[in-house]
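The values are calculated or read from the model by the stated rules, or taken from the named source; none is laboratory data. None of the values given here were measured: they were computed from a predicted structure. As a convention, Cβ positions derive from the backbone with ideal geometry for all residues, glycine included, and neighbour counts pool all protein chains shown. Surface areas here come from the heavy atoms of the whole protein model, side chains and all, with no ligands, DNA or RNA. Shrake-Rupley method; radii C 1.70, N 1.55, O 1.52, S 1.80 Å.
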Amino acid sequence: MVEHAAPATARRRLYLDVPYADKDEAKALGARWDPAEKRWFDPKPPTAGLDRWAARSPIPDVLPGEDRAFGDGLFVDLIPRTCWFTNVRACVTPQDWERLRRPIFRRAGYVCEACGATEDRGTRRWLEAHERWQFDERTGVQSLRRLISLCSPCHLVTHFGYANVQGRTDEALAHLQKVNHLTLPEALAHVYAAEDVWIARSARVWELDLSILTDVGITLRRPERAVNRLAVAERELAREAVWHAVPSPRPTEERPPQPPSAPAPGRRGLWSRLTGRDR
């Protein structure tokens, strides 16, 4: 299945591939937003300046080799440190990312594929695209298997390390509990298990396989070298308005209280576990 044709009343419109970062510039040049198609268009083509966003061929709703059953549900999905900045958005042009986003949301019916929520501007809940990766321990290949639609709260849970750095650990934990019907100790056990998988996978460099994108004509950009990814990540995170070093919370009910003379060793904060050093 491919992108739907525009309604008959709008066939004279020239649809555009406008990245979100360019929307104000495109609007100033005359582009208009079609809320039904959720897409920018040139109302009186050709309009000078809008040709830079001229649409390319549509992306199929299901990519060749994409596994639509892979990685269902909501879970913490930490990307190994050696794979940072190999995400799809970093490896394609902004216009190709826009081409990819549209079929992801449309085929999901414009809802979150983890919890079923829709966008809500009032609560600032948005739909965001996310990748599901398969890590083959035998071959050392990180393969893109699926692209999914997640609401911003579910996306925050998925990128739990980022939630921790932002000081939103409690928010992410509460949403994980709500969607998956978990107690706090169960949610924390899930997070800790995901952290341990992350540590093991971060000990090696993975070969990137994005063939399901190249097979539909997407041109890839070379990702950041693995040895540079931690430094790049820290520079990006430094731009955040709020910096917190929030330790992963620990439920007091998991074990009986220890006497003062023999305190239980604390689990390192997630930022320390992610970076290998304390902040």
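When Ala241, Ala264 are screened for being assigned to a loop (DSSP other than H, G, I, E, B), more than 30 Å from Glu98 (Cα to Cα) and either modelled with pLDDT under 95 or among the charged types (D, E, K, R) (or both), only Ala264 passes. Can you confirm whether segment 115-125 contains a residue that is within 24 Å of Pro80 (Cβ to Cβ) and touching a residue at least 12 places away in the same chain (Cβ under 8 Å)? Scanning segment 115-125, I find no residue that is within 24 Å of Pro80 (Cβ to Cβ) and touching a residue at least 12 places away in the same chain (Cβ under 8 Å), so the answer is no.
Among the residues in segment 212-220, are any more than 30 Å from Pro58 (Cα to Cα) and either at pLDDT 85 or above or not in a loop (DSSP other than H, G, I, E, B) (or both)? For segment 212-220, residues more than 30 Å from Pro58 (Cα to Cα) and either at pLDDT 85 or above or not in a loop (DSSP other than H, G, I, E, B) (or both): absent.
If you check Trp97, Trp126, Trp133 for being of a type in the set (Phe, Trp, Tyr) and surrounded by fewer than 18 Cβ atoms within 10 Å (Cβ to Cβ), only one passes: Trp126. Of everything listed in (1) over 16 Å from the mean Cα position of the chain (by Cα); (2) assigned to a loop (DSSP other than H, G, I, E, B); (3) crowded, with 16+ Cβ neighbours inside 10 Å, the single unmet condition for Thr86 is (1).
Taken over segment 154-172, the criterion of being closer than 18 Å to Ala194 by Cα, open to solvent by 10 Å² or more (accessible area, probe 1.4 Å) and under 16 Å from the mean Cα position of the chain (by Cα) is satisfied by His155, Leu156, His159, Tyr162. Assessment of segment 34-55 against the conditions (within 18 Å of Gln134 (Cα to Cα) and charged (D, E, K, R)) yields no matching residue.
Table: residues versus (1) closer than 22 Å to Leu220 by Cα; (2) in a strand (DSSP E or B); (3) more than 17 Å from the chain's Cα centre (by Cα); (4) of a type in the set (A, V, I, L, M, F, W, C).
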{"position": "Gly71", "(1), (2), (3), (4)": "no, no, no, no"}
{"position": "Asp77", "(1), (2), (3), (4)": "no, no, no, no"}
{"position": "Arg101", "(1), (2), (3), (4)": "yes, no, no, no"}
{"position": "Cys112", "(1), (2), (3), (4)": "no, no, no, yes"}
{"position": "Cys115", "(1), (2), (3), (4)": "no, no, no, yes"}
{"position": "Glu131", "(1), (2), (3), (4)": "yes, yes, no, no"}
{"position": "Arg146", "(1), (2), (3), (4)": "yes, yes, no, no"}
{"position": "Ser149", "(1), (2), (3), (4)": "yes, yes, no, no"}
{"position": "Ala174", "(1), (2), (3), (4)": "no, no, yes, yes"}
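Listed by first and then second residue, the pairs with beta-carbon distance under 9 Å, at least 6 apart or on different chains, first residue in segment 13-41 and free of Cβ contacts under 8 Å to residues at least 40 places away in the same chain, second in a strand (DSSP E or B) and among the small types (Gly, Ala, Ser), are Leu16/Ala54. Has segment 183-200 got at least one residue that is open to solvent by less than 60 Å² (accessible area, probe 1.4 Å), β-branched (Val, Ile, Thr), under 28 Å from Gly65 (Cα atoms) and over 16 Å from the mean Cα position of the chain (by Cα)? No, segment 183-200 contains no residue that is open to solvent by less than 60 Å² (accessible area, probe 1.4 Å), β-branched (Val, Ile, Thr), under 28 Å from Gly65 (Cα atoms) and over 16 Å from the mean Cα position of the chain (by Cα). Selection of segment 29-52 for residues being assigned to a strand (DSSP E or B), charged (D, E, K, R) and open to solvent by 90 Å² or more (accessible area, probe 1.4 Å) yields only Arg32.
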